[in-house]
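Below is one structure, written out as structure tokens; comments come after it.
The values are calculated or read from the model by the stated rules, or taken from the named source; none is laboratory data. Here the structure is a predicted model, which means the values were calculated and not measured. Counting neighbours? That spans all protein chains shown, and the Cβs are built from the backbone with ideal geometry, glycine included. The area values use the complete protein model at the heavy-atom level, side chains included, leaving out ligands, DNA and RNA. Shrake-Rupley method; radii C 1.70, N 1.55, O 1.52, S 1.80 Å.
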Amino acid sequence: MPLMLEDALRILLASARPGGWEYVGVDEDLVGRVLAEDLMPGADIPRMHTCAKDGYLVRADGAWPGEALISGECGPGEIVKSLEPGEAVIAYSGCLVEDDLAALVPVEEVVASQGQVAITRRPRALENIIPRGSGARAGEAVLSRGHIVTPLDVELIEMLGRRFVRVYRRPRVAIISVGSEISLEAPSRTTRYVTVKHMVRALGGEAVNMGTVEDSPSAIASAITESMASADLVVTLGGTGPSAHDVTYLAAESLGPSEIFRGIDVAEAARSCGAVVRGKPLLMLPGPRAPALNGATILLAPIIMAFAGSTEGPYRIVHAKLSRRIHMPRRGIVWVRLREGAADPVHPDYYGISPSTADGYLIEGPGDLVGDVKVHVPRFL
């Protein structure tokens, strides 16, 4: 009987842990790497109250509306330590302020003449001023360990004064193609290797091509053993079907796994198998592209992210309303397009083209599926 998807993931994820860390320069290829440390500023950001626009600084507790005497001006990076009642300072965006009762009245709201400025309303304390520490507090994490660095994060990390950051090492994923009838070097090479290779890279892993092996338990077992010597995770592609030629599972079984399963309860990925061999996860995906992609989506992606040290997972959840009722005879995957809050099912196909036209997927069933659904949007799409 096929294993529940959740139990299969439990078996594989139990042996998937980050394999160490390294320092990477902020100006290098940092996007997509997973932080192995909390990043925090050494001082508040901004370090002082900061004027957000040009105008006049006054004390909010002054006798307003009224006239104020202009006592000076403050440019970007310069500091106004305190203000007296009835005093105004010409301030430009970026001017720093220490007075907690300061307020900035925009230049377009006042009338200035002969060294005085008319304030026509009572401003609030710190109005039009960015409060000290509103961006980040000293000693508090801005980006946490396990966070996947985005393009928007790189400049922020520079603002924290960091030139190098500690990130988890990229997990090495060895990929073995199984089948006497295929060759990765041939013009008609199988697409399953190409798909999984790029998925591994998109998730922050390092894909290692271990070539093709024939449908022989001993040959497959030998390739797995060799791959495990240098890889964090081994993936085989092909040979998981029910025929006498599908012997990948037998090869894995001969290696004396501590845990092993054959098949999962998800229809379009049902022939995905897995094992833990010598403390390392082994994922056996089916050969045809569609079930291989589905198996990689729901099994391989979470394992890679766990090895990479991510606390954010391989997908995000989007809530949407299904555009039409679907009957699911078994638990399965439904790929969908997201359009203005609606999830529109994509017709499945043997060649596995439908996921490329989709935005995410559902795992549901058995039974009728209608109304509100949770769409898994993968990071690699």
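Details
- The chain: proportion of alpha-carbon pairs further apart than 27 angstrom, %: 61 percent
- Trypsin sites (Lys or Arg not before Pro) within segment 142-244: DSSP coil, no more than 13 neighbouring Cβ in 10 Å: ARG163
- Amide proton proximity set for GLN116, modelled H, under 5 Å, gap of 5+: ILE70
- Between THR50, ILE70, ALA8, the Cα set farthest toward the positive side of the dipole of the chain (charges on each charged residue's Cβ, about the Cα centre) is that of ALA8.
- Karplus (6.51, -1.76, 1.60) ³J(HN,Hα), θ = phi - 60°, over segment 231-248, in Hz, Gly and Pro reported as x: 10, 7, 9, 10, 10, 9, 10, x, x, 10, x, x, 7, 5, 7, 8, 10, 4
- Here LYS53 is the anchor, and the lysines within straight C-alpha reach of less than 28 Å, apart from those fewer than 8 places off in the same chain, are LYS81.
- All Cα-Cα distances of segment 68-200, cut into 10 Å bins from zero to the largest, leave 9, 25, 16, 14, 12, 8, 8, 6, 2, 0 percent in each bin in turn.
- Anisotropy class of segment 169-277 from Cα gyration tensor, a/c 1.5 cut: rounded
- Straight-line cross-link reach from LYS321 at under 28 Å between alpha-carbon atoms covers these lysines, not counting any fewer than eight positions away in the same chain: LYS374.
- Interchain or long-range residues, amide H under 5 Å from GLY86's placed H: ARG59, ALA63
- Whole-number percent relative contact order across segment 202-331, with pairs defined as alpha carbons under 8 Å at least 6 apart: 22 percent
- Largest GNM mean-square fluctuation among GLY72, GLY146, GLY135, using the chain with Cα springs under 10 Å: GLY72.
- MET159 - accessible surface, heavy atoms, 1.4 Å probe, Å² rounded to 10: 120 Å²
- Distance between the 7 Å Cα→Cβ label points at ARG137 and HIS347: 5.7 nm.
- Once backbone amide H atoms are built at 1.01 Å from N, LEU233 has ARG172, ALA174 as its partners under 5 Å, excluding neighbours fewer than 5 places away on the same chain.
- Prolate/oblate/rounded label for segment 274-313 (Cα gyration tensor, a/c 1.5): oblate
- Rounded if a/c under 1.5, otherwise prolate or oblate - segment 289-381, Cα gyration tensor axes: prolate
- Rounded to whole Hz, the Karplus (6.51, -1.76, 1.60) HN-Hα couplings of segment 49-63, x for glycine and proline: 4, 10, 5, 8, 7, 7, x, 10, 8, 9, 7, 5, 8, x, 7
- A 1.4 Å probe run over the protein chains yields, for the chain, 48 Å² of accessible area per residue, whole-number rounding.
- Taking the convex hull of Cα positions in segment 13-113, its mean projected area over all directions (nm²): 11.1 nm²
- In the chain, the DSSP-assigned H stretches of four residues or longer account for a calculated mean residue ellipticity at 222 nm of -4500 deg cm²/dmol, using -39500 (n - 2.57) per stretch and the full residue count as denominator.
- Degrees between helix 191-202 axis and first principal axis of the chain (Cα, 0 to 90, nearest 10): 30 degrees
- The chain - percent of accessible surface contributed by carbon and sulfur, probe 1.4 Å: 52 percent
- Placing +1 on the Cβ of every Lys and Arg and -1 on the Cβ of every Asp and Glu, with nothing else charged, gives segment 97-249 a dipole about its Cα centre of roughly 260 debye.
- When you restrict to C-alpha pairs under 8 Å that are six or more residues apart and normalise by the size of segment 284-381, the relative contact order lands at 33 percent.
- For the chain: relative contact order, % (alpha-carbon pairs under 8 angstrom, 6 or more apart): 18 percent
- J(HN,Hα) series, segment 266-283, from Karplus relation 6.51 cos²θ - 1.76 cosθ + 1.60, nearest Hz, glycine and proline x: 10, 3, 7, 9, 4, 8, 6, 10, x, 7, 10, 10, 6, x, 10, x, 10, 10
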